[in-house]
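Working notes for the structure below.
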Amino acid sequence: MAQNTEHHQTALVGTWTSIPDAPAVQKPDRPSEGLYRMQVNSDGTLKPLEVIRMKSPSWIVKSRDGRFAYTTNEENAGAVTALAIDKQGAVRVLNQVDSHGEQPTHATLSPDGKFLFVANYSVAKGGAGVTVFPIASDGKLGEQVQHFAFSEGSGVVKDRQDGGHAHSTTFTHDGRYLYAADLGDDKLHAYRYHADRREPLQADTSRDVSFAPGAGPRHMVFSADGKHAYVITEMAGEIVVFRVTDDRLERQAEVALNTQNSSAAYKSGGGIILSPQGKFLIAANRGSDNHLLVFKIAADGSLTDAQRYAADGIEPRALAFDNSGKHLYVTNVFTNTITLFDFDAHSGKLSARGVAAKLATPTDIKFFN
């Protein structure tokens, strides 16, 4: 008798476990309880399987081989959690360490998998910066080996830039440099990566990048060939395009996320990712806009042929493709939904499929197996 051997991808969904106090929030029946494991059905919808209880696992980092994952626990007492993922998608907590900052909101692994680099955002002044953790062969996190405080803010946008706010950490295409986005001080901080050192980062201020006052750099991606970089700014509501030469960034252009309404309410850059084949750039604009933008990446790295799509939710924070590359998922924090879009790899066109899952305050989604 034949057995059903259909394989299902596993999705991990990060959340905030406190309900935000914002006018646009649609309050869920109950707060989130932590990290949610879901099955990806054949039609792309998501089936809840279990919850791994923890506080505000807002960002998820997947190891290159998919055996481990790391979450930032975005609380005042910041933490980072290491997880093991087996071949069936089952999740086991390995350990949790202090992030040595407040509200850790993003992290990335070194290309060799030796270190995790955590961005502590810190709403209050004084808790922001980048913390470095070694990773053991069993996937566990060691205690911090290096920390860079982001103290100074540009002060341009009141209540957002009184101090530094580390919002992301991103490696260059060749893995030689790490760039950390400081939303509070309108800068990218550059660090040379030394894999063989106990303290692997060395600041290189000659490669730092300054943005327009009040721009608020948030997240960053490099083109598939590493020759261009794209930084989404939160308060300016733009994508800043850079040419990359010897891991130095040379500004090429600024592309507005909303060309019809220039008010501050329509400027709130969110997630930014490449399409699986690297031909398109997808970005989210939040605030009063709540749209996705798909840009074709030209041969010279410029962004062309912008397509706009309603996110079908409020506060589209994170974007991710599943392993097939055919489905794009959007976490809409304030409407407590993950929306699903079919993706045409040839044209970049998105086709809205509706809600893939409903759960309280989803902030990130990553796919395994």
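The values are calculated or read from the model by the stated rules, or taken from the named source; none is laboratory data. Owing to the predicted nature of the structure, the values given are computational and were not obtained by experimental measurement. Here the Cβ is made from the backbone with ideal geometry for all residues, glycine too, and neighbour counts use every protein chain on show. We work out accessible area using only protein heavy atoms, side chains counted, and drop any ligands, DNA or RNA first. Shrake-Rupley method; radii C 1.70, N 1.55, O 1.52, S 1.80 Å.
Structure data summary
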quantity	calculated
Meets criteria (assigned to a strand (DSSP E or B), surrounded by fewer than 24 Cβ atoms within 10 Å (Cβ to Cβ) and in contact with a His (Cβ under 9 Å, 6 or more places away or on another chain)) for residue 251	no
Residue ID - farthest from residue 149 (Cα to Cα), chosen from residues in the range 196-206 that are in contact (Cβ under 8 Å) with a residue 40 or more places away in the chain and in contact with a Phe, Trp or Tyr (Cβ under 8 Å, 6 or more places away or on another chain)	200
Search result, residues across the range 296-315 that are crowded, with 21+ Cβ neighbours inside 10 Å, of a type outside the set (Val, Ile, Thr) and not in a loop (DSSP other than H, G, I, E, B)	303
Scan of the range 74-94 for residues that are open to solvent by less than 70 Å² (accessible area, probe 1.4 Å) and charged (D, E, K, R), ordered by number	74, 75, 86
Residue tally, condition more than 20 Å from residue 246 (Cα to Cα) and surrounded by fewer than 14 Cβ atoms within 10 Å (Cβ to Cβ), over the range 194-212	4
Top-ranked residue of the range 351-368 - restricted to ones that are more than 18 Å from the chain's Cα centre (by Cα) and not charged (D, E, K, R), ranked as nearest to residue 310 (Cα to Cα)	352
Some residue of the range 259-273 being surrounded by fewer than 20 Cβ atoms within 10 Å (Cβ to Cβ), within 15 Å of the chain's Cα centre (by Cα) and on the phi < 0 side of the Ramachandran plot	yes
Positions within the range 57-73 being surrounded by fewer than 19 Cβ atoms within 10 Å (Cβ to Cβ), touching a residue at least 60 places away in the same chain (Cβ under 8 Å) and over 20 Å from residue 120 (Cα atoms), in sequence order	66, 67
Contacts under 6 angstrom Cβ, first residue in the range 109-121 being open to solvent by 20 Å² or more (accessible area, probe 1.4 Å), partner of a type in the set (Val, Ile, Thr), 6 or more apart	109/61; 121/105
Considering residues of the range 40-56 that are under 17 Å from residue 321 (Cβ atoms), touching a strand residue (DSSP E or B) at 6+ places or on another chain (Cβ under 9 Å) and not hydrophobic (A, V, I, L, M, F, W, C) only, the residue most open to solvent (accessible area, probe 1.4 Å)	43
